[in-house]
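First up is the structure itself, then whatever we jot down about it.
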Amino acid sequence: MLTSDFDFDLPDDCIALRPAEPRDSARLLVVKDGALDDRIIRDLPDFLQPGDALVFNDTRVIPARLSGVRHRIGPEGETLTVEVEATLHHRDAPDVWSAFMKPGKRLKAGDRVRFGREADGACELGRLDATVEAKDEDGLITLRFDLAGPALDDAIRDVGVMPLPPYIAAKRPEDDRDLKDYQTVFATYDGSVAAPTAGLHFTPALLEAIRARGVATHAVTLHVGAGTFLPVKADDTADHKMHSEWGEVSPETAAALNAVRAAGGRIVCVGTTSLRLLESATTEDGVVQPFHGDTAIFITPGYRFRACDVLMTNFHLPKSTLFMLVSAFAGIDTMRAAYAHAIDTGYRFYSYGDGSLLFRKDA
């Protein structure tokens, strides 16, 4: 399909810069059998059934945006420097991250980068050094840090900042409020550079109401990479390359979800991250398998869903892989109509915006 098939006009004032307060007071557009129903997030239990399973992503966002200075020895022995910014994407080894960096054209293998403070003296606090190991054709740069494991994690927390999406960061700087707002109540395992944003709507009270409804809750882990922010540049969706992300579905969770399906219950995914991971872990005949590793699944119309029956998700960018995914899930004509309705009636878009509840078109 053409990428232009997934384009739509979005007024700038539809982009949410702060989440709703309280979180479960955000709006919820329910999309089922082509019909649209305007509700709010705390109405979610009304659309769930006893015996269903709610699956959420328990990843935690790390302060993955790092600012620093590239150092290179020039032809006359002089030190050449340039300011750089890195957004970490995928951890490749205890001391290695792949990252998107700018200005990427000013970097080459062997360059040294110092992130954090350029302090004189022997104090190493507040700074983090790395070597550029490689530059890939897809724009990723491999950084090997001087620290590894937990020591590297601590240093990243010290020098990094919360990686707000570019459509928010372009309008305002991150602040202390984002440290809380950009984490879900499920956040447990460090590793994401972007929040699984559908999970941002949940509160303890909403979870209690869902469980009281007889719905089980289960966690999977997908560490969201910076590639989620990248536009699709290919004219044909078949030519787009997805960047891989690491995920895990435990044997216990896989067994529990298979039992839910066997008993006639539905799998309700909180967010596209949970859906993509479960679809990666599920066989052609619908059996959820334990999963531990990378996935680069790219879902477009025509895909046959194996695991997810209902999807709760936010409103996504035009021509994005996520709008392609929801179009595959609920039908492209249905989603075009849903998004037109959302824009006309003032729904808030993107990470801090409102939510939608989509029922699979072929369920």
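Things to note:
- Under-14-angstrom lysine pairs by C-alpha in the chain, whenever the two are 8 or more apart or on separate chains: 6
- Under the criterion of Cα pairs below 8 Å and six or more residues apart, the relative contact order for segment 1-102 equals 13 percent.
- Applying 1/(1 + (r/R0)^6) with R0 = 22 Å to the Cβ-Cβ distance of residue 108 and residue 144 gives a FRET efficiency near 0.95.
- Per-peptide average of other Cβ atoms within 10 Å, ordering 167-173, 239-245, 288-294 highest first: 239-245, 288-294, 167-173
- Expressed in units of 2.2 N^0.38 Å, where N is the residue count, the Cα radius of gyration of segment 40-185 is 1.31.
- For segment 280-304, the residues whose backbone nitrogen is under 18 Å from a point 7 Å from the Cα of residue 1, taken along Cα to Cβ, are 297-304.
- Semi-axes of the equivalent ellipsoid of segment 1-111 are 45, 20, 16 Å, computed as sqrt(5λ) over the eigenvalues of the C-alpha gyration tensor in descending order.
- Segment 42-88: Rg to Rh, with Rh as the Kirkwood radius over Cα pairs: 1.53
- The length gained on full extension between residue 337 and residue 83, counted as 0.36 nm times the residue separation minus their Cα-Cα distance, comes to 87.0 nm.
- Since only 184, 2, 113 are under comparison, the one whose Cα sits farthest along the positive direction of the charge dipole of the chain, derived from C-beta charges on Lys, Arg, Asp and Glu, is 184.
- Residue 14 exposes around 10 Å² of accessible area when a 1.4 Å probe is run over every protein chain in place.
- Bridges between two residues of the chain, per DSSP, are antiparallel at a rate of about 75%.
- A simple spin-label model places pseudo-atoms 7 Å from Cα toward Cβ; at residue 345 and residue 189 they are separated by 3.7 nm.
- Exposure check, 1.4 Å probe, all protein chains in place: residue 15 carries approximately 30 Å² of accessible surface.
- Net length gained if the chain between residue 303 and residue 263 were fully extended (0.36 nm per residue, minus Cα distance): 11.9 nm
- Nearest 10 degrees, 0 to 90: helix 272-281 Cα axis against the chain principal axis: 80 degrees
- Hz values of 3J(HN,Hα) by residue in segment 289-294 - Karplus curve (6.51, -1.76, 1.60), Gly and Pro given as x: 10, x, 9, 8, x, 8
- Residue 170-residue 234 pseudo-label distance in nm [points 7 Å out on the Cα-to-Cβ vector]: 2.4 nm
- Take residue 83: with every protein chain present and a 1.4 Å probe, its accessible area is about 150 Å².
- Amide H contacts of residue 242 (H built 1.01 Å from N, in plane; Pro and chain starts excluded): no residue 5 or more places away or on another chain comes under 5 Å.
- Extension gain (nm, one decimal) between residue 133 and residue 158, 0.36 nm per residue minus Cα-Cα: 6.7 nm
The values are calculated or read from the model by the stated rules, or taken from the named source; none is laboratory data. In this text the structure is predicted, and so the values were computed from the model without any measurement. Don't worry about glycine lacking a Cβ; one is built from the backbone with ideal geometry, like all the others, and counts go over all protein chains shown. For the accessible areas, the whole protein counts, side chains as well, though only heavy atoms, and no ligand, DNA or RNA atoms are used. Shrake-Rupley method; radii C 1.70, N 1.55, O 1.52, S 1.80 Å.
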